[in-house]
Amino acid sequence: MSAAIQNIVNQPYKHGFVTEIESDVAPKGLNEDTIRLISTKKNEPEWLLNFRLKAYQHWLKMEEPKWSNVKYQKIDFQAISYYSAPKSKKKLASMDEVDPELLRTFEKLGVPMQERAALAGVAVDVIFDSVSVATTYKEKLAEIGIIFCSISEAVHTHPELVKQYLGTVVPIGDNYYAALNSAVFTDGSFCFIPKGVKCPMDLSTYFRINTQDSGQFERTLIIAEEEATVSYLEGCTAPKFDTNQLHAAVVELIAHDNANIKYSTVQNWYAGDENGVGGIYNFVTKRGLAKGKNSRISWTQVETGSAITWKYPSCVLQGDNSVGEFYSVAVTNNYQQADTGTKMIHIGKNTRSTIVSKGISAGHSTNSYRGLVRIAPTAAGARNFSQCDSLLIGNQCSANTFPYIQVRNNSAKVEHEASTSKIGENQLFYFAQRGIGNEEAVSMIINGFCKDVFQQLPMEFAVEATNLLGLKLEGSVG
Amino acid sequence: MSVVTGDSYLKSLLQGQSQLSASPLERLNRLRANAVDRVSALRMPTIRDEEWRFTDISPLTKLSFQPIRIVSPLQVSDVEHFYLAESVTRLVFVDGVYAPHLSTQLSDISKDSSVVVSNLSAATSEDLATIEPHLGHHTEFQDNVFAALNTAFLHEGAFIIVPRNISVEMPVHLLFIATQKEVASYPRCLLIAGSGSTVTVLEDYVSLQEETYVTNTVAEIVLADNAIVNHIRIQRDSNQAFHIANCAVSLARASRYQSISVALGARISRYNLNVLLADEGAECTVDGLALISNRQLADTHTCIDHTKPHCTSRQLHKCIVDDAAHAVFNGKIMVRPDAQFTDSSQSNRNLLLTSKARVDTKPQLEIFADDVKCAHGATVGQLDNEEIFYLKSRGLSEITARNLLTYAFGAEIIDRIPIASLKFQLEQTVLEQTQKS
């Protein structure tokens, strides 16, 4: 990466390389046969195939949503290959047997699995394209009853759990992309924390889109039983491609009584070049159901990549006294478009939610916060606080705020505030006075601006996120 | 009353439109014809349209309303209590038709004033020349079926021309009285404030009886450089009525627009206010209060469009929602790429008095310039227990404390009205409506 010396805004995508591993790719196009093929390849039970086919029927009847504040060329769903798996002849028993090419890829990404696992105490369920190839620390977790594996594995080993929970938070007909995902999802993570167990380490998974033109349809399902606690990390990087890639993931979280789920994301997929060519389309449905009393679901996200980000991690606060949280930093540069925010649906009594959203836009980008706070008539004593701040860098970009607030209970209290600002000349001057150059000053100001959110991130991610922001925005001010 | 839906419903509303006499103003005839075309092309909005998501106007489409045929013979004594003590200039429209015997024109008081306050169909050719570039120019009706309907029936209406550097001391009172049921009236107002002029206008919608009728109004307000306009709008229609209003305001360099709108009446009311800050240094203050109860719905949509640098906007919109009423607020602030140094703030505060009351609010910012100061906030809640406790500790009963706080919540907006007698009247109304025992 010789370009690192240059203006880092113009720097090529750091993680842009393609690992040459033979892929088992399904022919392009989507129809019932494709779905049957995926199902057969993955050796799935009948009920799951029916689930997929039902979702596909729904999807056919649905229309692509147009309400968001993003512009892109119409996606040709028939030009996408819906299944791609790295070819592996036999099941792998240890890390030594993993394709060395694959391991080198992760090293380039800065994810030395063993090291990370040993030093940071993190079990990494590595998703390479669509099939999980290596899982560490599984035994250790299994000892205390935690199930952490790929969802295709869970379908075989714990079919009753998958059947019971899959599609209960995000129904198959929920929205256009969720329906598509339900029909063609290939893999993802499954996590089950039994009653009373506090997960001793942060669970983490790396998603990576590798084979060109293969849209990725991840499916994540996390269940925390009564009194269980889990923190889950998701990190994303993808190689550089010129054709746009579609990513339509679905994440479902279920928290029972007194359970606590924390879901953190750092997303740094390829955002296209400085002219807006290429990049990932990231259309994700993430939703958590705080089902039990006193349960808590917390979303933290740092969105820096993707040509288009379109996601609204939501909390359905069904249990009394349940808590929903959303902390987000969204950074857009060049021609990136982000339309992101959250939904807090208050149903139970005395439910509380907090929304902190920080948007930073630079270049020609568009950054929108779109959020919904709904207080149902049953949500007596509900409380919401929302804060959305935008920072604009340059006069070609835009920052928008679309908060929807719907209140049907008079004992609820809802507050929303938003502000928009820029990095002031006087702030830069103050730094200059103390001998701190513009670049560094901007980096410090931005990190201060995002502090509320970074504080919510697990340690490793907080460091990564801070670096990522600096990298994304350097050179765009001054 | 016939039950119709869809396009045929709109066509039924257009009955009688063709009988309007042609205007001497060619542009006006063209405008009407265009509007008729648009009405035929458009459909009634439903809750599937984003702009009407929370306001279901289907009850309106179940009833067919026609413009008035026989004008109610009103005497001064019937409507006198609506008159303002301060105002000597008054235009009165009864069910959308100009009532000269109830109005007092400026010319009755002083012959030499160059200010024109008159009915559109009585405009002189000199006035027409001034009106022509503005009438129908600021209210876009391509996608707005209600504005298109109003324009199709554009015939009579209030127009006010304030020439350069003239300051009109007394407020101008535009009084729209509804008297009959199942009538559609299409009031129209045009205010042209010349450069450096100052004027206060009260747009006042009242009814004599609790009837079902439709008021569909369009107001256009144009401010030239350095002009100052105070615009007060009081909607106290019958609780059975439908009130749909569109108001477009255009501000030139360093002009100042201050508006207060109060919605008290109507079963379903909708107010669209579009303020265009078209040149540098323009300022606007847009305040609103909706005080509703029973099954009323009050919907306010505002759009403040900053297109040039150094403009300022301030907005405070409050809703007091009682019983099973429903308040909707959608406040958009747009900052265009050129509009650097914009200073804009918006606040929406809602008070829910019962468990059935409902609020849908969407304060919205769209910003395309970087050196701006923009903030907005929205709150929904009930009276603060600590405030109630404070008043109780001073010897007030729980109910008195609640009433006082509710009243004070609304009074913040009423206090900003610059016309003393109207302020007093509204204070009484708010006091009555917020008293519970």
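Read the figures in this text as sums done on the coordinates, not as results from a lab. Given the structure is predicted, the values throughout are model-derived calculations rather than measurements. For neighbour counting, all protein chains shown are included, and Cβ atoms are generated from backbone atoms with ideal geometry for every residue, glycine included.
Region B:224-253 and region B:264-312 have Cα centres spaced 8 Å apart.
Database remark: amide H of A:ASN260 closer than 5 angstrom to the amide H of A:ALA228, A:THR229, A:VAL230, A:ARG296 (H placed geometrically; neighbours at sequence offset of 5 or more, or on other chains; Pro and chain starts carry no H). The three principal axes of the Cα atoms in region B:398-437 give end-to-end lengths of 33, 15, 9 Å, sorted in falling order. The convex hull of the Cα atoms of region B:14-58, projected and averaged over all directions, covers 4.3 nm².
Using θ = phi - 60° in the Karplus curve 6.51 cos²θ - 1.76 cosθ + 1.60, the 3J(HN,Hα) couplings for region A:157-169 round to 8, 10, x, 5, 5, 4, 5, 5, 9, 4, x, 7, 8 Hz; x is entered for Gly and Pro.
Using the Cβ-Cβ distance between B:LYS181 and B:GLU80 with R0 set to 25 Å, the FRET efficiency from 1/(1 + (r/R0)^6) comes to roughly 0.60.
For region B:329-410, trypsin sites (Lys or Arg not before Pro) meeting the loop criterion (DSSP other than H, G, I, E, B) and having at most 15 other Cβ atoms within 10 Å: B:ARG394. Solvent-free Debye calculation, one equal scatterer per alpha-carbon of region B:372-429: log10 I(q)/I(0) at 0.21, 0.28, 0.29 Å⁻¹ equals -0.88, -1.04, -1.07. Seen from B:SER347, the other residues with C-beta closer than 13 Å to its C-beta sum to a net charge of -1, counting Lys and Arg as +1 and Asp and Glu as -1. Considering helices alone, the calculated mean residue ellipticity of chain B at 222 nm is -6000 deg cm²/dmol, with DSSP H runs of length four and up weighted by -39500 (n - 2.57) and normalised per residue.
Grab the beta carbon distance between B:LYS392 and B:ILE47, set R0 = 30 Å, and tell me the FRET efficiency rounded to 0.05. The pair B:LYS392/B:ILE47 has a calculated efficiency of 0.10. In the protein assembly as shown, inverting the average of 1/r over every pair of distinct C-alpha atoms gives 30.3 Å as the Kirkwood radius. Residues B:TYR407, A:TYR335, ranked from the fewest to the most other C-beta atoms within 10 Å, line up as B:TYR407, A:TYR335.
Please list 3J(HN,Hα) in residue order for region A:284-295, calculated via the Karplus relation 6.51 cos²θ - 1.76 cosθ + 1.60 where θ = phi - 60°; whole Hz, with x for glycine and proline. Per residue, the Karplus-derived 3J(HN,Hα) values read 10, 10, 10, 8, x, 10, 8, 7, x, 5, 6, 7 Hz. Please work out the FRET efficiency for the pair B:LEU14 and B:GLN240, using the Cβ-Cβ distance as r and a Förster radius of 30 Å; give the result to the nearest 0.05. In this case the efficiency is close to 0.80. Each Lys or Arg adds one and each Asp or Glu subtracts one; over the other residues with Cβ under 14 Å from the Cβ of B:PRO67, this totals +1. Listed values for region A:176-191 are Karplus-derived 3J(HN,Hα) couplings in whole Hz (6.51 cos²θ - 1.76 cosθ + 1.60, θ = phi - 60°), namely 3, 7, 5, 5, 4, 4, 4, 6, 10, 4, 9, 7, x, 10, 10, 9, and x replaces Gly and Pro. Span-like helix criteria (full DSSP H runs; alpha carbon extent of at least 15 Å along the helix axis; mean Kyte-Doolittle hydropathy of at least 0.0) are satisfied in chain B by B:398-414.
One quarter of the convex hull surface built on the alpha carbon atoms of region B:28-186 amounts to 11.8 nm², the projected area averaged over directions. Globularity index of region A:327-478 is 1.18 (Cα radius of gyration / 2.2 N^0.38 Å, N = number of residues). Mean separation of Cα pairs under 8 Å and 6 or more residues apart, divided by the residue count, gives region B:6-279 a relative contact order of 16 percent. Please report the base-10 log of the normalised intensity I(q)/I(0) for region B:6-279, using a Debye sum with one equal scatterer per alpha carbon and no solvent, at each q in 0.07, 0.13 (1/Å). Scattering profile of region B:6-279, log10 relative to I(0): -0.23, -0.84.
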